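Notes to accompany the following structure.
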Amino acid sequence: MIKIIGIGKLKEKHLKALCDDYQKRIQPYHKIEVIEVNDESISNNASPKEEEQIKEKEALEVLKRIKDNDYVILLDLHGKTMTSEELAQKISSIQTYHTSNITFVIGGSLGLGESLLKRSDFRLKLSDLTFLHQMTRLILLEQIYRSFKILGNETYHK
């Protein structure tokens, strides 16, 4: 099972439709589930301590949805960048040598809480660019789909 846990709801209909399309495309290759966790409200003048508390509260909600045998990949601005081919090999390697349960986590607008950083097995940086939270989910789903196409030596990737 591949899970994508995202903090925050996907509200835009057109993005939701695209994400749903990629989920359907992935289904023949692997079971996939997208889980949305509510993001916490943040006041405009929140202190750094309040922001850390919010990140940790969101992290604890995410951790409730992660199993002990899940391989956890955090999408993180401080993570490792990979090509599409490298991500495909990473997914294949995890499923061969670790577990078939891979959980990708997309943090909230403030980032990732410390307890979630400690639980992660790998930190992935999608790009040096900054994307909307909702766009990140779409890009991740497309890259997971692309990974299965690469692993199957199918033409989508070219």
Provide Rg over Rh for the chain; use the alpha carbon set for both Rg and the Kirkwood Rh (inverse mean inverse pair distance).
-> 0.96
In whole Hz, what ³J(HN,Hα) sequence does region 94-102 give by Karplus (6.51, -1.76, 1.60; θ = phi - 60°), x for Gly and Pro?
-> 4, 5, 7, 10, 10, 7, 8, 9, 10
Relative to the first principal axis of the alpha-carbon coordinates of the chain, what is the inclination of helix 48-63, with its axis defined by its Cα atoms, in degrees from 0 to 90 and to the nearest 10?
-> 40 degrees
Starting from the Cα gyration tensor of region 110-157, multiply each eigenvalue by 5, take the square root, and state the resulting semi-axes largest first in whole Å.
-> 26, 15, 8
Non-local residues with an amide H under 5 Å from the amide H of E40, with H modelled 1.01 Å from N and Pro and chain starts lacking one, are none
What do you get for Rg/Rh of region 21-114 when both radii come from the Cα atoms and Rh is the Kirkwood radius?
-> 1.02
Rounded to the nearest 0.05, what FRET efficiency is calculated for E85 and F131 with R0 set to 30 Å and r the Cβ-Cβ distance?
-> 0.90
For the residue pair L151 and Y97, what label-to-label distance in nm results when each label sits 7 Å from Cα along the Cα-to-beta-carbon direction?
-> 1.5 nm
With r defined as the distance between the Cβ atoms of I139 and E52 and R0 fixed at 35 Å, what FRET efficiency is calculated, to the nearest 0.05?
-> 0.80
Any idea which of L140, T155, S120 is furthest toward the positive side of the dipole for the chain, if Lys and Arg beta-carbons carry +1 and Asp and Glu beta-carbons -1?
-> T155
Cα→Cβ-extended label distance, 7 Å offset, between L15 and N45, nm = 2.9 nm
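Within the set K67/K125; K11/K90; K125/K149; K31/K125; K13/K57; K57/K149, which residue pairs have Cα atoms separated by over 25 Å?
Details: K67/K125 23 Å; K11/K90 31 Å; K125/K149 21 Å; K31/K125 23 Å; K13/K57 28 Å; K57/K149 37 Å.
Violating the 25 Å limit, Cα to Cα: K11/K90; K13/K57; K57/K149.
With all distinct Cα pairs included, what does the Kirkwood hydrodynamic radius of region 77-158 come out to in Å, to one decimal, could you say?
By the Kirkwood definition, the hydrodynamic radius is 13.8 Å.
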With an 8 Å cut-off on Cα pairs and a minimum separation of 6 or more residues, tell me the relative contact order of region 13-112 in percent.
-> 31 percent
If one builds a Gaussian network model of the chain from Cα atoms under 10 Å apart, the most fluctuating residue listed among E56, E12, E36 is E12
Nearest 10, in degrees from 0 to 90: the angle of helix 133-151 to the longest Cα principal axis of the chain is 20 degrees
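Read-outs: derived from the displayed coordinates by stated rules, not from any lab. Note that the structure is predicted; figures quoted are calculated from it, not measured. Note: ideal-geometry Cβ built from the backbone for every residue, glycine included; neighbour counts use all protein chains shown.
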